[in-house]
Amino acid sequence: MAVYDTFSKRRQRLTGDTSDVYQYEAIPKKLRVQIIHILSEALGSKQQCDAITRVENVYSLIVKTMRQEIGVFLLPPSSRSGNPFIELQEYFLSAPTFECLDVIELAFRAIDQFTRNYNYMMKHEFNERADEALADLNIRFKENGVGYQFVDGEIVRVDSELIHAEAVKPALRLLNTKEYAGPHEEFLSAYEHYRQGKNKEALNDCLKAFESTMKAICDKRGWAYKPGDTAKALIDVIYAEGLVPPFWQNQFASLRGLLESSIPTGRNKQSGHGQGATPTTVPDHMAAYMLHMTASTLVFLTAAEQSLA
């Protein structure tokens, strides 16, 4: 099932205003419906559940497991036993958040385990169907700003990854001031691009946020720089002005190289210039790495500025 970049998504990226990258307390109705569509495509629909024993058995297994776990004979709001697809769908649309996540985990484990067999629905694209379903789920989580992913058979919170908790969220908090309004917007834009799968644009906004943060620090401190200065020149300025004290610079001998090469180089090589005759692709793991590296660098710079007398 394809995931399309619609007009409303593009408009939301331009006008959206969020205080954090993800939320964790609610599974929106829109996302629940999108997940049901993925399940129908991968596990089978109501009609297939009626006609194909293997499809009915898988839905019945999920329903039976959820009944046992929450301690009921029928999943609410069902009042009678019938098609397990319908019972699961009705329950999923109204279930509390964590029970909803339980269903997602069980259902996508079933997709991963059962649909890769040709005999499941006599489809030659069975492996592709399973891989696409798992990928689509994680895309839909990101698109809806819900901070969960399906990884190695389990639903995990994104901020259970140390880097998100220790770098991304502090960066957003430190940048959420009048002085850093520009880089704050650019960093959020980088995450929006990443959530939408636009990884080249994400790297471009990483560099913008990096350069804008250094310019904001220079403006705040009255340090001179040229309007057209890029990352390398701005790094020279903040070092010359003692943002990192000289006695620390010996211990952080590699920091300058990291600042000079990591964010600008990642952006320049992957997305900053003409791509030539062969289109370049920025993989998700590269975009995520650059986002986390950017976040860590912005936390370092803003915290260092706050520590100055």
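Structure data summary
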| read-out | value |
| --- | --- |
| Some residue of segment 239-262 being at pLDDT 80 or above, hydrophobic (A, V, I, L, M, F, W, C) and over 21 Å from Leu172 (Cα atoms) | yes |
| Residue under evaluation Ala233, criteria (1) surrounded by 15 or more Cβ atoms within 10 Å (Cβ to Cβ); (2) part of a helix (DSSP H, G or I); (3) at pLDDT 85 or above; (4) aliphatic (A, V, I, L, M), criterion not met | (1) |
| Set Phe73, Phe85: member being surrounded by fewer than 13 Cβ atoms within 10 Å (Cβ to Cβ), aromatic (Phe, Trp, Tyr) and in the same structural domain as Glu154 (by TED's automatic domain parsing) | Phe73 |
| Lone unmet requirement of (1) modelled with pLDDT under 90; (2) closer than 23 Å to Leu174 by Cβ for Trp223 | (1) |
| From the options Met286, Met214, residue that is outside the structural domain of Ala135 (by TED's automatic domain parsing), assigned to a helix (DSSP H, G or I) and at pLDDT below 85 | Met286 |
| Pick from segment 167-214, criterion touching a residue at least 40 places away in the same chain (Cβ under 8 Å) and acidic (Asp, Glu), ranking: surrounded by the most Cβ atoms within 10 Å (Cβ to Cβ) | Glu192 |
| Failed item, numbered, when Tyr225 is tested on (1) over 20 Å from Ile238 (Cα atoms); (2) touching a Cys at 6+ places or on another chain (Cβ under 8 Å) | (1) |
| Tally, over segment 90-99, of residues that are surrounded by fewer than 20 Cβ atoms within 10 Å (Cβ to Cβ) and touching a Leu at 6+ places or on another chain (Cβ under 9 Å) | 1 |
| Restricting segment 168-209 to residues that are in a loop (DSSP other than H, G, I, E, B) and basic (Lys, Arg), the residue that is nearest to the chain's Cα centre (by Cα) | Lys198 |
| Pairs, first of a type in the set (Asp, Glu) in segment 285-309, second part of a helix (DSSP H, G or I), C-beta under 6 Å, six or more apart | Glu305/Ile217 |
| Given (1) within 18 Å of Val146 (Cα to Cα); (2) modelled with pLDDT of 95 or more, number of the condition Tyr24 does not satisfy | (2) |
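The values are calculated or read from the model by the stated rules, or taken from the named source; none is laboratory data. Computed from a prediction, not measured in an experiment: that's the story for all the values here. All Cβ positions, even for glycine, are placed from backbone atoms using ideal geometry, and neighbour counts span all protein chains on display.
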